[in-house]
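The values are calculated or read from the model by the stated rules, or taken from the named source; none is laboratory data. In this text, all values refer to a predicted model and were calculated from it rather than measured experimentally. Glycine also receives a Cβ, built like all others from the backbone with ideal geometry; neighbour counts cover every protein chain displayed. Only protein heavy atoms, including side chains, enter the accessible area calculation; ligands, DNA and RNA are left aside. Shrake-Rupley method; radii C 1.70, N 1.55, O 1.52, S 1.80 Å.
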Amino acid sequence: MDGFVRIMFPIVAITLILSVYGVASTTRNYEFNIQLQNVTRLCHTKSMVTVNGKFPGPRIVAREGDRLLIKVTNHVSNNITIHWHGIRQIRSGWADGPAYITQCPIQTGQSYVYNYTVVGQRGTLFWHAHISWLRASVYGPLIILPKLHVPYPFTKPYKEVPIIFGEWFNTDPEAIIAQATQTGGGPNVSDAYTFNGLPGPLYNCSAKADTFKLKVKPGKTYLLRLINAALNDELFFSIANHTLKVVEADAIYVKPFDTETLILAPGQTTNVLLKTKSKFPGANFLMLARPYVTGQGTFDNSTVAGILEYESSVHMKNLPLFKPTLPSLNDTSFVTKFSNRLRSLASAQFPANVPQKIDRHLFFTVGLGTSPCEKNQTCQGPNGTRFAASINNVSFVQPSVALLQSHYFDQSKGVYSPYFPINPLHWFNYTGTPPNNTFVSNDTKLMVLPFNTSVELVMQDTSILGVESHPLHLHGFNFFVVGQGFGNYDPNKDPKNFNLIDPVERNTIGVPSGGWVAIRFLADNPGVWFMHCHLEVHTSWGLKMAWLVLDGKNPNQKLLPPPADLPKC
């Protein structure tokens, strides 16, 4: 593969330039060098793990139907993997990237070529490291343009701008999670939020150059590709005195609607159209993002600011600066109303193929819990325990070899159990008074599905250690959000109100705080697929599981064999 990449690289560099502007689907090559880079923010300089020395990392641009070959070479002491968040990876699970799920990590001095084709998708996604907390600095935009000569189903923008929300830690995030794992307590929170790696003017000791500025012309339409790559926070976003038109969520077109404010959970992307004012307004406008918080723990209660500036032929000093009003930190009502407005286009060209007949009805509780503290140790979790998190009270134990390999080579014995519970083993009033016993069980269990099984999954938040919103991300699939509500899900009443006509289709959905969400998907992609909370702290505590979708009968329904350069554990 190395030789192939070397020979192809000069040719592909030319094809890359041509193809974005004028040739049919192509193969695009990228090189990712995982390397340390000194980065300074808020008067703190630290050596960070980056891709090609950039924070955030490089932008990947492809068209629907293109094949991507991304060679990742690890030059740091940490093990690394990269996940292409939201890419369906049809039969190419080896390229999905979560460590010990679909691959062993790339070790120091080693390379791996992620090889996949973008099938039936277009829009804004992103890529990030998928091991420990390395995605704090290893992330970047993944933009899929429509096929050539296929227009957007909305006004063609004058310009497109990715804005990726992130977090900045003055110390090393790997040390933060290592300490939390050791003590069993909650980890330290970030020191700032960022737009495209920049914290903006509201933070102490923020350099003047560290503010993201969006320079626009009057009377134009801009497509803002918004990505929440933060580790642990759902974020509200707004631009003062400007309305945004939502046109896409998680790389799926939606019925357009106008809003002053958006909410994005980690792992979610949203495309919006910004129509600028017809004349130079004689003012600048702040863009702000700050957290939506539902849990009991500490959080980064700060605000990242960027500036929307209008270009003018006259240079004007001391322009007024307008500031948007964001919802309060715990405004669940706004979040609910916003998410209920998202609907699929459900048009002839972009149909919403919602599974109507369901083969498997599943009910998962998601939430926090505890594990006992080891003997002769003091733990900083609730009542001297360790924090844990689980799905159906199973806290996922990460294996030491990759699940996909174990399955493919029929070596699953001792690695995982194929009996993930289809509903909680113990019923309780999930959103009422929590039970006295908050301990979770620990295991590596997979939910096994025959090829082409249609699934309805209800995910129920629990009040154990307090209700909380959990953004759940499913790898390998998009799903339809057919219903959501507060309190305990009622299987007799709630399905009557499901939207089976034009529900939004996405890859990451917030389970409402003290409520439930129902999703449907078709298991038509063979492989092992991770599902986890995209709040990294909850993933570290075990709020994760995996699905095993078996091969179908036909050759095009079977997982392809692993590539020769697949990393070894």
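Couple of notes before you dig in:
- Within the set 256, 324, 218, 266, the sole residue that is assigned to a loop (DSSP other than H, G, I, E, B) and in contact with a Lys or Arg (Cβ under 6 Å, 6 or more places away or on another chain) turns out to be 218.
Here's the yes/no breakdown for (1) over 23 Å from the mean Cα position of the chain (by Cα); (2) modelled with pLDDT of 95 or more; (3) assigned by the TED database to the domain that holds residue 469; (4) not polar (S, T, N, Q):
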{"position": "328", "(1), (2), (3), (4)": "yes, yes, no, no"}
{"position": "365", "(1), (2), (3), (4)": "no, yes, yes, no"}
{"position": "368", "(1), (2), (3), (4)": "no, yes, yes, yes"}
{"position": "371", "(1), (2), (3), (4)": "yes, yes, yes, no"}
{"position": "378", "(1), (2), (3), (4)": "yes, no, yes, no"}
{"position": "386", "(1), (2), (3), (4)": "yes, yes, yes, yes"}
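- Count of residues meeting criterion [part of a strand (DSSP E or B) and open to solvent by 60 Å² or more (accessible area, probe 1.4 Å)] in region 354-372: 2
- The listed residue being closer than 19 Å to residue 543 by Cα and buried (at least 19 other Cβ atoms within 10 Å of the Cβ), out of 469, 441: 469
- Here residue 454 does not qualify as open to solvent by less than 80 Å² (accessible area, probe 1.4 Å) and without any contact (Cβ under 8 Å) to a residue 24 or more places away in the chain.
- Identification of strands (runs of 3 or more DSSP E) wholly contained in region 22-75 with 3 or more residues that are touching a residue at least 40 places away in the same chain (Cβ under 8 Å) and open to solvent by less than 20 Å² (accessible area, probe 1.4 Å) yields 27-41, 44-51, 67-74.
- Just so you know, in region 153-181 the residues that are part of a loop (DSSP other than H, G, I, E, B) and surrounded by fewer than 18 Cβ atoms within 10 Å (Cβ to Cβ) include one that is modelled with the lowest pLDDT, and it is 155.
- Region 261-275, subset open to solvent by 10 Å² or more (accessible area, probe 1.4 Å) and in contact with a His (Cβ under 9 Å, 6 or more places away or on another chain), residue nearest to residue 243 (Cα to Cα): 275
- Selection count where residues are β-branched (Val, Ile, Thr) and either over 23 Å from residue 135 (Cα atoms) or assigned to a loop (DSSP other than H, G, I, E, B) (or both), scope region 536-556: 1
For (1) aromatic (Phe, Trp, Tyr); (2) open to solvent by 80 Å² or more (accessible area, probe 1.4 Å); (3) touching a Phe, Trp or Tyr at 6+ places or on another chain (Cβ under 9 Å); (4) assigned to a strand (DSSP E or B), each residue gets a yes or a no:
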residue	(1), (2), (3), (4)
374	no, yes, no, no
377	no, no, no, no
390	no, no, yes, yes
399	no, no, yes, no
426	no, yes, no, no
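- Condition check for residue 339: modelled with pLDDT of 95 or more and buried (at least 16 other Cβ atoms within 10 Å of the Cβ): yes
- Hits in region 235-260 - residues which are open to solvent by 10 Å² or more (accessible area, probe 1.4 Å) and either more than 26 Å from residue 354 (Cβ to Cβ) or without any contact (Cβ under 8 Å) to a residue 24 or more places away in the chain (or both): 241, 243, 258, 260
- Odd one out for residue 351, checked against (1) surrounded by fewer than 18 Cβ atoms within 10 Å (Cβ to Cβ); (2) in contact with a Leu (Cβ under 9 Å, 6 or more places away or on another chain); (3) closer than 30 Å to residue 233 by Cβ; (4) not basic (Lys, Arg): (3)
- Scan of region 95-120 for residues that are part of a loop (DSSP other than H, G, I, E, B) and open to solvent by 10 Å² or more (accessible area, probe 1.4 Å), ordered by number: 100, 107, 108, 109, 110, 119, 120
- Residue selection: residue 510 fails the criterion of being surrounded by fewer than 20 Cβ atoms within 10 Å (Cβ to Cβ), modelled with pLDDT of 95 or more and either under 19 Å from the mean Cα position of the chain (by Cα) or part of a strand (DSSP E or B) (or both).
- Flag for residue 350 being touching a Pro at 6+ places or on another chain (Cβ under 6 Å) and outside the structural domain of residue 421 (by the TED database): no
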